[in-house]
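Report on one structure; see the data block that follows.
The values are calculated or read from the model by the stated rules, or taken from the named source; none is laboratory data. Just so it is clear, the structure is predicted and the values come from calculations on it, not from any experiment. Virtual Cβ from ideal backbone geometry, glycine too; neighbours counted across all protein chains shown.
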Amino acid sequence: MAHLANFCWPGKMEGARSAGSIERWEDTVVLGEAFHRQVVSALAARLSELNRHAVLLFDPANIRYVTGVGLSPSPFPVAACVWADGKAALLVPATDLELAGQSWVRDVRHYDDDLDDVEPYRWMAREAGGPLLIDTLPAAAWQAIAAEVDEIALQDLASELRRVKSPAELALIERAAEYADIALERTFARLASGSTELEILSDVVHSVTRLMRDELGEHYELVHPALEGVIQSGVRAALPSAPTSTRRLSRGDVVIAEFTACVAGYHAKSGCTFFVGDPLRDVVSWVEAAVQAQAAALEVAVPGTAAGEVDNAARRVIERAGLARALRGPTGHGIGLARWELPWLRPDAPTPLEEGMVVVLRPGLSITGRTGARHAQTVVIEAEGPRILNPRQERWARLEDRLKEF
C-alpha cells in the first residue's frame, strides 16, 4: 500500500518506552484526543485521494481506533463516520448516547432503538452521504445502504492504517506482552502430571488477571478479555484450534501453552511448547524444527521484506526437516487493537514490512495422532531490525530448559 509509505506518527519509534516495569508504565501517556484526531486526518486524506465523500466504520476495533470508545457487542449497529473534509461523527442507538459521549468526538448522532434491522443502516447511509466506503457489513445491511447511496464500495481504510503503530500504541502492546509472558511463566511453574489442562489454565488466568487489575487500574481492559489462553497437551497438541480440555497431563507429554493479553484495547501474544518428563527423541526434533522455523522468520523480519518472504523463510526450515505435511497455517499475523490483523505472514503475501508494524511469529507443526509444536513471539519491526517483546521467553531458549521434571 504505497499510500501508507509517507504516513508517520509524530516521534515514530522515538521515545517508545519499554514496558518492563510499573514505574515506566506509569509515565506512559495513554492514547488521547490528539492521537485520534490524527487518525481522522489520515483517513480524510485517503478519502480525498480516492475521491470518496465518507467512510463508515462498523468494525469495533476501527471504531475504537477513531473514537477511543470501546463498545461491547450489541444487536444495535454502531458506526464511526469520517468525511473527506476531516470531520468525524459517532452514529449510535439512543441507548448508547451516554457512552458515546465519553469519546473526544463531539458530533454524536443517534437513532431510535425500536427501528427494524435494516433501518439504522439506511439512516447511517443518509447521514454519511456518498460516494461511500465501508469497512465491513452484513449482506442485508449492504442492500439497505445501497438503497440510499448510489456509489458504495468495501475498503477497510482504518485497518490499513492500523498496521503501523505509534509509540504510544507500542507502549500498550509491550505492556500486554509482559502479562502474556507472566502467564506463560506461571503455566510452566504449574505443570504437573495428573493436573488437567483446564485446571492449569483457570489458575493462571485467574492469578494474572487479578495482577493486571491491581496494576493497571483504569487501563484494565473491560471490553475484551484482559487475558485469554489455551493449553493443549499430548495428542491434543496436534489440533491447533482445539479448546482447553479436562485431559490430565502425563509423563512424556508435550504441552503447548499460548496466551493473549489485552491492555487498554491493545493485544500481545506469548506462547511456548513444554515437556512434562522426558520426551521421545522424535518429539524433541519436531519441537526443535518449529523453534528453528521461528528463528528463520525472525531473521528476515526487517523493513522492506515482503510478508510472504517471512513465511517462506519459516517454511524452508520445516521442509528441510521433512515435515512439510505437518505445517499448519501461516507463519504469523499482525496484532494490535485486534488479536488478528494485517499483515498476514502467509505464502505470496506482497505487503512489505514497515517500521512500526507489530507481528506475531508462530509457525506450528501438527503431527496427526502424535502431538504438535508451536511457539508465539510478539515482535515490533524497527529500523535496525525486529525486536522481540517477550524477553521472559529467553529462559526457555534451550530445549532442555523446557523440561518439567518431577
Can you confirm whether ALA45 is out of contact with any helix residue (DSSP H, G or I) (no Cβ under 8 Å at 6 or more places or on another chain), of a type in the set (Gly, Ala, Ser) and either over 22 Å from ASP150 (Cβ atoms) or part of a loop (DSSP other than H, G, I, E, B) (or both)?
yes
Take the conditions under 26 Å from VAL39 (Cα atoms) and crowded, with 20+ Cβ neighbours inside 10 Å and apply them to PRO343. Does it pass?
yes
Sort through GLU221, GLU178, GLU174 and tell me the only one that's of a type in the set (D, E, K, R) and at pLDDT below 95.
GLU221
Tally the residues that are in a helix (DSSP H, G or I) and either surrounded by 13 or more Cβ atoms within 10 Å (Cβ to Cβ) or at pLDDT below 90 (or both), restricting the search to segment 113-145.
16
Does segment 364-378 hold any residues that are buried (at least 24 other Cβ atoms within 10 Å of the Cβ) and either over 18 Å from ARG402 (Cα atoms) or in contact with a Phe, Trp or Tyr (Cβ under 7 Å, 6 or more places away or on another chain) (or both), and which are they?
LEU365, ALA373, THR378
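For (1) of a type in the set (D, E, K, R); (2) surrounded by 17 or more Cβ atoms within 10 Å (Cβ to Cβ); (3) farther than 21 Å from SER72 by Cβ, each residue gets a yes or a no:
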residue: SER207; (1), (2), (3): no, no, yes
residue: ARG213; (1), (2), (3): yes, no, no
residue: TYR220; (1), (2), (3): no, no, no
residue: GLU228; (1), (2), (3): yes, yes, no
residue: ILE231; (1), (2), (3): no, yes, yes
residue: ARG236; (1), (2), (3): yes, yes, yes
residue: SER241; (1), (2), (3): no, no, yes
residue: THR244; (1), (2), (3): no, yes, yes
Are any residues in segment 365-406 among the aliphatic types (A, V, I, L, M) and part of a strand (DSSP E or B), and if so, which ones?
LEU365, ILE367, ALA373, ALA376, VAL379, VAL380, ILE381, ILE388, LEU403
Verdict on ALA168 being at pLDDT below 95, of a type outside the set (S, T, N, Q) and surrounded by 21 or more Cβ atoms within 10 Å (Cβ to Cβ)
yes
Within 30 Å of ALA307 (Cβ to Cβ), touching a Leu at 6+ places or on another chain (Cβ under 8 Å) and not aliphatic (A, V, I, L, M): which single residue out of GLU160, GLU151, GLU127 fits that description?
GLU160
